[in-house]
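Asker: Structure provided below as structure tokens; questions to follow.
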């Protein structure tokens, strides 16, 4: 959202992987394609994979997510979350009213700031259930699946002065701010659960906890600066390089 194409972590991955292959004398060459989209939850990623990636048959799929599934999961219809393991963007309820001419039906959230409705087990249960489903589809199609958990500014050891200012500004007009504050314990639990799993993974919630006030990584609570994308790209490249025997 705040980086140019060559600064995005996917571009960083491609450069880093090809450099590693060249330095190791390998004939491998890498192309990294970015199918990510803002506001997507894992269900959207599954649909993107089915529509655009299944026939493409990539060797690796990197699922870099977490923020949207947790935050949207907390504000949506808790019945769909608990009974259907289904997360969606809250504004889709308004679109549904328009498409189906059902404006007389009340939305789950009728005003802002949004309030949390989904219980933590249901929010995290949906996220991990859908991600395992995504993983099984990818593996069945012959690719390796890499679990990634996004970072957020609040889990840094110390905020850079610009990060602190950006967060202060975003808090004033952010309809999700109360939900976001309550979401961080869920990120901690997601990190703990991921680290118990024996899968190719990269936990950026944990990784970004190493950085402090001299490191400008975030332009808002979750979207990265070019320096933040550089770290994400290099770490994912290291994971893939190890799987390819380049390290």
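Asker: Between the helical axis of 161-172 and the dominant principal axis of the chain, each derived from Cα atoms, what acute angle in degrees is found, rounded to the nearest 10?
Answerer: 30
Asker: Still on this model: Nearest 10 degrees is fine. How inclined is helix 226-243 to the longest principal axis of the chain, computing both from alpha carbons?
Answerer: 60
Asker: Oh, and also: Identify which of 64, 100, 160 has the largest mean-square fluctuation in a Gaussian network model of the chain, with springs joining Cα atoms closer than 10 Å.
Answerer: Highest fluctuation of the listed residues: 100.
Asker: Which residues in the range 63-91 place their backbone N less than 20 Å from a point set 7 Å from the Cα of residue 201 along the Cα-to-Cβ direction?
Answerer: Residues 63-71 fall inside that zone.
Asker: Residues of the range 178-199 with backbone nitrogen within less than 19 Å of a virtual label 7 Å along the Cα-to-Cβ line of residue 82, please, listed as ranges.
Answerer: The answer is 186.
Asker: Then there is this: In degrees from 0 to 90, rounded to the nearest 10, what is the angle of the helix 177-195 Cα long axis to the longest principal axis of the chain?
Answerer: 40
Asker: Report the antiparallel proportion of the DSSP beta bridges in the chain as a percent, rounded to a multiple of 5.
Answerer: 10
Asker: Using the beta-carbon distance between residue 51 and residue 104 and R0 = 30 Å, what value does 1/(1 + (r/R0)^6) give for FRET efficiency, to the nearest 0.05? Working shown, then result.
Answerer: Values: r = 34 Å, r/R0 = 1.12.
With R0 = 30 Å, the Cβ-Cβ based efficiency is 0.35.
Asker: Separate question: Normalising by the residue count of the chain, find the relative contact order in percent from Cα pairs under 8 Å and 6+ residues apart.
Answerer: Once divided by the residue count of the chain, the mean separation gives 29 percent.
Asker: If you don't mind, another one. Once the Cβ-Cβ distance between residue 112 and residue 139 is put in as r, and R0 is 45 Å, what FRET efficiency do you end up with, to the nearest 0.05?
Answerer: It comes to 0.65.
Asker: A follow-up question, please. Taking 0.36 nm per intervening residue step and subtracting the Cα-Cα distance, what contour gain separates residue 119 from residue 214 on full extension?
Answerer: Difference between extended and current length: 30.6 nm.
Asker: Taking 7 Å along the Cα-to-C-beta vector as the label spot, tell me the residue 22-residue 188 distance in nanometres, rounded to one decimal.
Answerer: Placing both labels 7 Å beyond Cα along the Cβ direction yields 4.4 nm.
Asker: Still on this structure: Within 10 Å, count the other beta carbons around each residue, average over each peptide in 37-50, 163-176, 70-83, and list them highest first.
Answerer: In descending order of packing, they fall as 70-83, 37-50, 163-176.
Asker: Here is a follow-up. Between the range 47-71 and the range 1-43, how many Å separate their Cα centres?
Answerer: About 14 Å separates the Cα centre of the range 47-71 from the one of the range 1-43.
Every number here is computed from the coordinates shown, using simple stated rules; none is lab data. The shown structure was predicted, so the numbers you read here are calculated from the model rather than taken from an experiment. With ideal geometry, Cβ positions are generated from the backbone for all residues, glycine too; neighbour counts draw on all protein chains shown.
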